[in-house]
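Structure first, commentary second.
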Amino acid sequence: MKGMTRGVYALIIKNRKEEYLQIGKMGNFLFPEGFYVYIGSALGSTSTSLEHRLKRHLSPLKKLFWHIDYFLNSENVKIISILSSNTTERKECELASTVSQLKKADIIIPHFGASDCRVNCGAHLFYFPIEQDELIKQIQSAFSTINLIASLQSQ
């Protein structure tokens, strides 16, 4: 695994239109228009690298496997920015917990992206009814809170 980066990330996602979406076997859910943050990692034994994981999320052509794949599959849903940090520490749930406590954070679907979570996270997808710039600042602050420096990549 030499040369392969590991890490945690936050996808900043815009949903341009309120709509119901089928999320795998979880069911059909109403997603309000607005901004979402999805917390993920490339740390597990099946992860090839952080770069590979992020490219997969950005690709429109993929097998729908994770909860986030179903959400991103909508023509109205687009990743607009990515914040990521290289780390070998398992900080995904700590980051999700920190994000869940941010002002205006809301869980639309309990356990979304966290069905295999070991520390009982409420979810790894959060809805924010705020402006994009403010949201990015808040997520950068969440990374800092858990002692990680996030790099920002706009799409």
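Of all residues in the stretch 45-88, which are surrounded by 12 or more Cβ atoms within 10 Å (Cβ to Cβ), acidic (Asp, Glu) and modelled with pLDDT of 95 or more?
Residue satisfying the conditions is Asp69 alone.
Can you find even one residue in the stretch 122-133 that is assigned to a loop (DSSP other than H, G, I, E, B) and either polar (S, T, N, Q) or closer than 21 Å to Leu148 by Cα (or both)? Show your work before the answer.
In the first step, residues of the stretch 122-133 are kept if they are assigned to a loop (DSSP other than H, G, I, E, B); the result is 122-124, 129-131.
Okay, now just the ones that are also either polar (S, T, N, Q) or closer than 21 Å to Leu148 by Cα (or both), so 123-124.
Yes, the stretch 122-133 has at least one match.
Would you mind stating whether Ser85 is out of contact with any helix residue (DSSP H, G or I) (no Cβ under 7 Å at 6 or more places or on another chain), within 23 Å of Lys55 (Cβ to Cβ) and in contact (Cβ under 8 Å) with a residue 60 or more places away in the chain? Working first, answer last.
Numbers: out of contact with any helix residue (DSSP H, G or I) (no Cβ under 7 Å at 6 or more places or on another chain): no; within 23 Å of Lys55 (Cβ to Cβ): yes; in contact (Cβ under 8 Å) with a residue 60 or more places away in the chain: yes.
Here the answer is no, as Ser85 does not meet what is asked.
Within the stretch 3-21, can one find any residue that is of a type in the set (S, T, N, Q), farther than 13 Å from Phe112 by Cβ and touching a Phe, Trp or Tyr at 6+ places or on another chain (Cβ under 7 Å)? Walk me through it before giving the result.
Taking the stretch 3-21 and keeping what is of a type in the set (S, T, N, Q), we get 5, 15.
If we keep only those that are farther than 13 Å from Phe112 by Cβ too, we end up with 5, 15.
After this cut, where a residue has to be touching a Phe, Trp or Tyr at 6+ places or on another chain (Cβ under 7 Å) as well, the list is 15.
Yes, there is a match, as at least one residue in the stretch 3-21 is of a type in the set (S, T, N, Q), farther than 13 Å from Phe112 by Cβ and touching a Phe, Trp or Tyr at 6+ places or on another chain (Cβ under 7 Å).
The values are calculated or read from the model by the stated rules, or taken from the named source; none is laboratory data. For clarity, every value in this text was computed on a predicted model and none was experimentally measured. In this analysis, Cβ positions are derived from the backbone assuming ideal geometry, glycine residues included, and neighbour counts consider all displayed protein chains.
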